[in-house]
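Quick notes on the structure that follows.
The values are calculated or read from the model by the stated rules, or taken from the named source; none is laboratory data. All figures in this text were calculated on a predicted structure; none of them were measured in a lab. Heads up, the Cβs are rebuilt from the backbone with ideal geometry, glycines too, and the neighbour counts pull from every protein chain shown. Heads up: the accessible areas ignore ligands, DNA and RNA and are worked out on the full protein's heavy atoms, side chains in. Shrake-Rupley method; radii C 1.70, N 1.55, O 1.52, S 1.80 Å.
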Amino acid sequence: MSTTQTSKIEIRKATSSKISGVDFQNLSFGAVFTDHLFECDFKNGEWQNPVIKPYAPILMDPSSKVFHYGQAIFEGMKAYKDDNNDVWLFRPDENYKRFNNSAVRMAMPEVPESIFMDGLNELLKIDQEWIQKGNGSSMYIRPFMIATGAGVVANPSDEYKFMILLSPAQSYYAGEVKVIIAEHYSRAANGGIGAAKAAGNYAAQFYPTNLANKDGFQQVIWTDDATHTKLEEAGTMNVFFRINDTLLTAPTSERILDGITRKSLIAMAEKEGLNVEVRPVIVSELVEAAKNGSLKEIFGAGTAAVISVIKGFSYQDVYYEMTPVENSYASLLKEKLTNLQNKLSEDTFGWTVKVQ
């Protein structure tokens, strides 16, 4: 293992690469990781020296507070390689801002931009051979931070570990997605941590989603915690509804994550001249639209799948099947966004950032 110093980041390179053993045509999402990871610890009230080192397990004290009080946050990002072998990030400034917003809400230290961005850039350069070219191929990026301070006293940790992992990804296809509208369980509540990408938010979804799976549904469309009448998110994604020729999505709030794909799709839809309304969407409104035929499309939006089309939904034990439409907004917007991300079309928004 060789050791060098670049931009104040210590780099310890792996003696050999795992890449020759990877089947890039048959990747399971988030299951394969590159040769290296980025790591930086927070101790004694300040960030320590960052390091890029070979991917390997980490050793932690059993009393580390992440295990007992759940201080853990993360982000989901992607990098893309164009036909010139240049590597591009998509709106990394938005991920960085949201990461620190999550940190503040979870009483964790904010990560300096130099550590987050420089670490990400250096890591991508070192493992750039793992990024495959072509629309549908990408590098999924998982920055995360956990509380590593020892002790089981119920207060915030005084030590943290920030890391970045890289996982090569193919085009994400979830197959047919049928959802059930939540009538009892909630993803988040006012005053809670729904707007943060906190690990506990996702753990709390697993049980009601498992119940939905047993009934033949792949995901849950979450409703507001107070009345269960407002449609909010679909599984782990923001959700859009097309009624006639109007695209609807709920506004962000303390309960709804400020999705980067979500805000990008809104901007692209508006540029395409589509009618977009960001407002509360009521369950009864959706059911009525399904009954009278004005409901044309439902789709989720997130980093992993970009857009995931929903085939139908169930509410109060009645299932409503969606009829495919020819001029699909979901198809149009997914093509526009993925072409931009892969540098197959001009980035008129200035969202793509070259890794250099």
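If you take all C-alpha pairs in region 83-182, what percent of them are over 19 Å apart?
57
Taking the Cα centre of region 1-128 as origin and charging only Cβ (+1 Lys, Arg; -1 Asp, Glu), how large is the dipole, in debye to the nearest 20?
260
Normalising by the residue count of the chain, find the relative contact order in percent from Cα pairs under 8 Å and 6+ residues apart.
RCO, the chain: 18 percent.
Using a 1.4 angstrom probe, figure out how much accessible area the chain has per residue, in square angstrom, rounded to the nearest whole.
Computed with neighbouring chains in place, this is 46 Å² per residue.
How large is the helix-only mean residue ellipticity at 222 nm for the chain, computed as the sum of -39500 (n - 2.57) over DSSP H runs with n ≥ 4, divided by its residue count, in deg cm²/dmol to the nearest 500?
Using -39500 (n - 2.57) per qualifying helix, the result is -7500 deg cm²/dmol.
Would you work out the relative contact order for region 159-294, in percent, from Cα pairs under 8 angstrom that are 6 or more residues apart?
Across region 159-294, relative contact order equals 23 percent.
Roughly speaking, what is the stretch gain from R12 to K43, that is 0.36 nm per residue apart minus the C-alpha to C-alpha distance, in nm to one decimal?
The span from R12 to K43 would gain 9.0 nm if fully extended.
At 15 angstrom or more along the helix axis (alpha-carbon based) and mean Kyte-Doolittle of 0.0 or higher, what helices does the chain contain? Whole DSSP H runs only.
Counting only whole DSSP H runs, the qualifying helices are 113-126, 260-271.
May I have the extent of the alpha carbons of region 10-170 along their three principal axes, as whole Å values ordered from largest to smallest?
Extents along the principal axes: 51, 31, 28 Å.
Mind checking the dipole of the chain: about its Cα centre, +1 per Lys or Arg Cβ, -1 per Asp or Glu Cβ, Debye to the nearest 20?
Magnitude of the dipole: close to 360 debye.
Would you mind computing, in nm to one decimal, how far apart the modelled labels at A226 and V325 are, each placed 7 Å from Cα along Cα→Cβ?
Distance between the two pseudo-spin positions: 3.1 nm.
Give me the one-decimal Kirkwood hydrodynamic radius in Å for region 1-88, with the sum taken over alpha-carbon pairs.
16.4
Which log10 I(q)/I(0) values does the chain give at q = 0.07 Å⁻¹ under the Debye formula, counting every alpha carbon as one identical point scatterer?
With no solvent term, the Cα-only Debye profile gives -0.32.
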